[in-house]
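Student: Got a structure for you, written out below as structure tokens; questions coming shortly.
Bear in mind that the values in this text are calculations on the coordinates, not laboratory data. Just so it is clear, the model here is predicted, and its values are computed rather than measured. All Cβ positions, glycine included, derive from the backbone under ideal geometry; neighbour counts span all protein chains shown.
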Amino acid sequence: MAAKDWNVTRRHGGSMCFNQDKVEITERIRKRIEEADLVLAGLGEELDVVRLVREDSWYQAKVQNIKNDWIIPYVEKLRIEQMAKGRCDMYKQLCFCLAQKNYFIVSVCQDDMIKGAGFDESRIVEPCGGHRKLQCSEKCSGELYEVPEKLLNQIKDFLDGKLTEEDLDEPLCPGCGKPLVFNNIGAANYVEEGYLNQWMRYKKWLQGTVNKNVCLLEIGVGMKYPTVIRWPFEKITFYNQKAELFRVHSKLYQMAEEIKERGYGICQKPEEFLKELSKGI
Ligand SMILES: [Zn+2]
């Protein structure tokens, strides 16, 4: 596409919203990924299955009658796994696009879906945690614990009506005896040790982006945790003249005025965008 067309589009708000534009911009992003020295991807809450689960009527009906609140996150975990099944392709598509690149992914999703999609896990950081590990609710230590498989099976039986709440035992901290909770940002005393090593790795990787040709891809990132992806990505784009930022979101695709020349807001559902992006690679 000619640069002139881009200028015209930018004058009309800097954001792309029409079907024809979407195809063109997806092609441009694909090309940009190919050309870039480094690709930084940010995955946001629009992609998160946790959001879908909380809106899901089956889940809402089930948890409504649960008296012991500690059981609810386990029901949530099981429902995430069920609802995630149909969405695995999305991550595989992204993985396919980044396979040959020097990339890093920052994800605020808490559905753990990114694991197992084929990415190099040393190139992923999930600062908000997820539903993979447990931690002490009182944070008596930075220790993380496995989710007991037996309990998950019991929760399944409970949901099937084969067990009652009284048959289920809440997992307790081996250190202090207080309840264990999932290691994510929803914990009252979040154990950040779960992601800090990867965060250090990410920071180091970022140092290598200075003056490099960087493609930043922000997918489905809203305003829930703007300091994790949205604002830092804008900052990187502002300071690195060779960087370009593509922001895909169904509503919050608007771009900061300062980086409009190298920042593109794309009004599109993340899953549609990823499907389109992986075509022709
Ligand atoms: Zn403890």
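Student: Can you tell me the orientation of helix 149-159 relative to the chain, as the angle in degrees between its alpha-carbon axis and the longest Cα principal axis, to the nearest 10?
Tutor: Result, in degrees: 80.
Student: Which three extents, in angstrom, do the Cα atoms of segment 3-278 have along their principal axes, listed largest first?
Tutor: Computed over segment 3-278, the largest-to-smallest principal extents equal 68, 37, 31 Å.
Student: Under 10 Å, Cα contacts only: if you run a Gaussian network model on the chain, which one of Met113, Met90, Met223 comes out with the highest mean-square fluctuation?
Tutor: Taking springs between Cα atoms under 10 Å, the residue moving most is Met223.
Student: Roughly how far apart, in whole Å, are the Cα centres of segment 91-143 and segment 259-281?
Tutor: Centre-to-centre distance over Cα atoms comes out at 21 Å.
Student: DSSP beta bridges in segment 3-278, what fraction antiparallel, as a percent rounded to 5? Let's see the in-between values first.
Tutor: Numbers: 8 of 34 bridges.
Close to 25 percent.
Student: While we're here: In percent, how large is the relative contact order of segment 40-176, given Cα pairs closer than 8 Å and 6 or more residues apart? Don't skip to the answer; put the middle values down first.
Tutor: Working: 141 pairs, mean separation 35.0, N = 137.
Relative contact order for segment 40-176 comes out at 26 percent.
Student: I'd like the orientation of helix 19-35 relative to the chain: the angle between its Cα long axis and the longest Cα principal axis, in ° from 0 to 90, rounded to 10.
Tutor: For helix 19-35, the angle is close to 90 degrees.
Student: What is the distance, in nm, between label points placed 7 Å from the Cα along the Cα-to-Cβ direction at Cys176 and at Leu144?
Tutor: Those two pseudo-labels are separated by 2.0 nm.
Student: Using the beta-carbon distance between Gln241 and Asn102 and R0 = 22 Å, what value does 1/(1 + (r/R0)^6) give for FRET efficiency, to the nearest 0.05?
Tutor: Numbers: r = 19 Å, r/R0 = 0.88.
The computed FRET efficiency comes out at 0.70.
Student: Would you mind estimating how fast segment 183-274 diffuses translationally, via Stokes-Einstein at 20 °C and 1.002 mPa s with the Kirkwood radius over Cα pairs, in µm²/s?
Tutor: Details: Rh = 14.5 Å.
Translational diffusion coefficient: 148 µm²/s.
Student: Could you work out the relative contact order of the chain? I mean the mean sequence separation of Cα pairs under 8 Å and 6+ apart, divided by the number of residues, in percent. Working shown, then result.
Tutor: On the way: 454 pairs, mean separation 71.3, N = 281.
Once divided by the residue count of the chain, the mean separation gives 25 percent.
Student: Sticking with this structure for a sec: Got a sec? How would Leu217, Leu252, Leu98 order by Cβ neighbour count within 10 Å, fewest to most?
Tutor: Values: Leu217 26, Leu252 16, Leu98 21.
Least crowded to most crowded, the residues run Leu252, Leu98, Leu217.
Student: Run the quick spin-label model on Glu261 and Gln60: label points 7 Å from Cα toward the beta carbon, then report their separation in nm to one decimal.
Tutor: Placing both labels 7 Å along Cα→Cβ, they lie 4.8 nm apart.
Student: Further, regarding this structure: Residues in segment 265-279 near a label at Asp89, defined as backbone nitrogen under 13 Å from the 7 Å Cα→Cβ point?
Tutor: 271-279
Student: Taking the number of other C-beta atoms within 10 Å as the exposure measure, put Thr209, Thr227, Thr26 in order starting with the fewest. Intermediate results must be reported in sequence, preceding the final value.
Tutor: Values: Thr209 20, Thr227 8, Thr26 24.
Least to most surrounded, the residues fall as Thr227, Thr209, Thr26.
Student: Counting other C-beta atoms within 10 Å, which of Thr164, Thr237 has the fewest, and how do the rest follow?
Tutor: Working: Thr164 9, Thr237 26.
Fewest-to-most ranking of Thr164, Thr237: Thr164, Thr237.
Student: From the backbone phi of segment 196-205, what are the Karplus-calculated ³J(HN,Hα) couplings (6.51 cos²θ - 1.76 cosθ + 1.60, θ = phi - 60°) in whole Hz, Gly and Pro given as x?
Tutor: Working through the residues one at a time gives 4, 4, 5, 5, 4, 4, 4, 4, 5, 4 Hz.
Student: Please give the charge dipole size of segment 174-281, origin at the Cα centre, charges +1 on K and R Cβ atoms and -1 on D and E Cβ atoms. Round to the nearest 20 debye.
Tutor: 160
Student: If you take every residue apart from Val191 with its C-beta less than 15 Å away from the C-beta of Val191, what net charge results, scoring Lys and Arg +1 and Asp and Glu -1?
Tutor: Values: positive: Arg132, Lys133, Lys139, Lys178; negative: Glu126, Glu138, Glu143, Glu146, Glu192, Glu193.
With Lys, Arg at +1 and Asp, Glu at -1, the neighbours total -2.
Student: Next up: Hey, what angle do you get for helix 230-239 against the long axis of the chain, alpha-carbon based, 0 to 90 degrees rounded to 10?
Tutor: 30
Student: Got a sec? Which residues in segment 197-212 would a label at Asp120 touch, if it sits 7 Å along Cα→Cβ and we count backbone N under 16 Å?
Tutor: 198-199, 201-209
Student: Would you tally the net charge around Ile105, using a Cβ to Cβ cut-off of less than 13 Å, leaving Ile105 out, and scoring K and R as +1, D and E as -1?
Tutor: Local charge sum for Ile105: 0.
Student: Would you work out if segment 87-143 is rounded, prolate or oblate? Take a ≥ b ≥ c from the square roots of the eigenvalues of the alpha-carbon gyration tensor; rounded if a/c is under 1.5, else prolate when a/b is larger than b/c, oblate otherwise.
Tutor: Cα axes put segment 87-143 in the prolate bin.
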